[in-house]
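So the structure is just underneath, and the comments pick up after that.
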Amino acid sequence: AKNRGRNNFQFFSPAMNDLASRFFRLEQRLRRAVERNEFVLHFQPQVDVAQRRVCGVEALVRWQDPEAGLVPPAEFIPVAEETGLILELGEWVLRGACRQIRAWHDAGWPQVPVAVNLSPRQFQQSDLVERVRAILAETGVPPAMLELEITESSLMHSVEEALAQVQALADMGVRLAIDDFGTGYSSLAYLKRFPVSRLKIDRSFVRDLCDDRDDAAIVASIIGLARSLALEVVAEGVETAPQLAALRDEGCRHCQGYLFSKPRPAEEVAAIFAAGAV
Ligand code: C2E
Ligand code: CA
Ligand code: CA
Ligand code: CA
């Protein structure tokens, strides 16, 4: 059975044949995983570095494959995106994150916004706003507790539609963050028109912040830009104390990264809330 997929695609070169059959095998497994609900959410704290308090968490999906174990998103999100499965998966993530917000609220933990990643394809859905509204209503979560992370390319894809979409979400009270900021090509002029609340400095700039003057300059200018536009800024991928010190010196108030915590199951995040400080 393993080789049957290969023979169906003789018109490809052997290398493409192999790639294509791997893709289709993964697609099938992923389709089944969506039907069987084989996904879990982990949550990574975002920290207010002045108060050393958790000020938010980002929901990150993992695939609990019965055979392969915990599969990281980099291995299946691109396939989900390509095949359209991301719409169903994304809806599951959104609902799961909102249910978790509700559960933390009901358990009496201090309320912090939960960030959910939206794929470009989800963002382009014409009924996205209604779907978000329905999930918030169903879970009884105030819109301000939800933050949606979108990339620059989502915004720049078709600017007028994106603007209408972002405006409708912002009008509802949902927060919006631009993920991986600095790696895409957003126009600063457009940035001003989008009602976003925060920029997330991409991990690639934070990594060499202390050794590379160019990265340090880029980080400083993103923080400066955010300040000028009255946006919040979050640095991602903060792993070391010197990186944290450099970010603080530049005036970056919110940080996320292994230095504080890896993404963890919901129960473990509750333990961090219980501790009160990180
Ligand atoms: P992202 O949105 O940029 O998420 C941040 C990634 O950086 C996460 O990887 C996180 O575990 C990792 N990270 C956080 N702090 C550190 C650090 O200090 N050092 C290092 N080396 N890495 C750190 P993860 O969970 O593997 O997710 C990878 C990407 O998959 C995400 O990048 C996002 O683009 C996508 N993704 C994850 N969950 C979802 C989802 O529910 N929906 C969609 N559409 N995409 C998702
Ligand atoms: Ca993200
Ligand atoms: Ca990111
Ligand atoms: Ca990234």
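The values are calculated or read from the model by the stated rules, or taken from the named source; none is laboratory data. All values derive from a computational prediction rather than experimental measurement. FYI the Cβ positions are ideal-geometry reconstructions off the backbone, even for glycines, and counts take in every protein chain you see. Please note that ligands, DNA and RNA were not included when accessible areas were found on the heavy atoms of the full protein model with its side chains. Shrake-Rupley method; radii C 1.70, N 1.55, O 1.52, S 1.80 Å.
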So which pairs qualify, if the first residue must be in the range 15-28 and modelled with pLDDT of 85 or more, the second must be among the polar types (S, T, N, Q), the Cβ gap must be under 7 Å, and the two must be at least 6 apart or on different chains?
-> Glu27/Thr83
Scan Ala74, Ala59, Ala80, Ala50 and give me the residue that is within 16 Å of ligand 4 (Cβ to nearest atom) and touching a helix residue (DSSP H, G or I) at 6+ places or on another chain (Cβ under 9 Å).
-> Ala59
Any chance the range 34-43 includes a residue that's in a strand (DSSP E or B), out of contact with any Phe, Trp or Tyr (no Cβ under 6 Å at 6 or more places or on another chain) and within 29 Å of Arg248 (Cα to Cα)?
-> yes
Mind listing whichever residues of the range 57-81 are open to solvent by 20 Å² or more (accessible area, probe 1.4 Å), assigned to a helix (DSSP H, G or I) and over 20 Å from Ser126 (Cβ atoms)?
-> Pro73, Ala74, Glu75, Ile77, Pro78
Quick one: how many residues across the range 149-175 are in contact with an Asp or Glu (Cβ under 7 Å, 6 or more places away or on another chain) and farther than 24 Å from Asp215 by Cβ?
-> 1
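Quick grid of which residues meet (1) touching a residue at least 40 places away in the same chain (Cβ under 8 Å); (2) within 16 Å of ligand 1 (Cβ to nearest atom); (3) surrounded by 16 or more Cβ atoms within 10 Å (Cβ to Cβ):
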residue	(1), (2), (3)
Ala177	yes, yes, yes
Gly182	yes, yes, yes
Tyr185	no, no, no
Val196	no, yes, yes
Leu199	no, yes, yes
Asp215	no, yes, yes
Ala230	no, no, no
Cys255	yes, yes, yes
Filtering the range 102-120 down to residues that are open to solvent by less than 50 Å² (accessible area, probe 1.4 Å) and assigned to a helix (DSSP H, G or I) yields Ala103, Trp104, Pro120
Consider Glu91 carefully, then state whether it is under 28 Å from Glu232 (Cα atoms) and not in a strand (DSSP E or B).
-> yes
Residue hits (the range 123-142; open to solvent by less than 40 Å² (accessible area, probe 1.4 Å) and either in a helix (DSSP H, G or I) or of a type in the set (Val, Ile, Thr) (or both)) are Phe123, Leu128, Val129, Val132, Ile135, Leu136, Thr139, Val141
